[in-house]
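*Asks:* For reference, the structure I am asking about is given below.
Nothing in this text is a laboratory measurement; each read-out follows from the coordinates by a stated rule. Note that this is a predicted model, so its numbers are computed, not measured. With ideal geometry, Cβ positions are generated from the backbone for all residues, glycine too; neighbour counts draw on all protein chains shown.
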Amino acid sequence: MPHFAPVRVGGAHRQLHRLVRHRRRAVAAGLAVTAAALVAAGPTPGAGAQDAQRARGHPATEPVRERHGTRMVAAPVRIADAATVRLLEPGDRVDVVAAGAGGAGDASVLARGVRVTRVPEPVDEAAAGGALVVVSVPRATAHRLVGAGARSPLAVTLC
């Protein structure tokens, strides 16, 4: 096999200098190539509308899986003062407070800053002994609210 001299490309050094001098053109060319690649990688023509929305950067419509400990539930709570419940509207934030057992004056906060989801219409206030409000709380807090509501009267404070 005969011996060949190395092949050298003479214009590469000059092209690099020209590219550095014209940075704006280089950046524009790079952005154009990137945009073309993104369009080419987009949804296929037969894809559904949901896939097209995701490709355009819209968030997925499926609910995000939450951890078991922070799962929210709707908890109905009977508040001793029905007039206080009439002040509430869905979306309000409240603290749920349990009065002390036996009138000792001790009060404990059972839930802080929970969201009111519903304020049902009162049935017969005299027979009910208070008014019902539905709050959105973690499952463990809902258990505490039910237990405390059976032992002592509950109250709410607006946050």
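*Asks:* Given axes a ≥ b ≥ c from the Cα gyration tensor, I'd like to know whether region 68-158 is rounded (a/c under 1.5), prolate (a/b larger than b/c) or oblate.
*Replies:* Oblate, since a/c reaches 1.5 and b/c is not below a/b.
*Asks:* Moving on. Which ordering of H22, H3 is given by a fewest-first count of other beta-carbon atoms within 10 Å?
*Replies:* H3, H22
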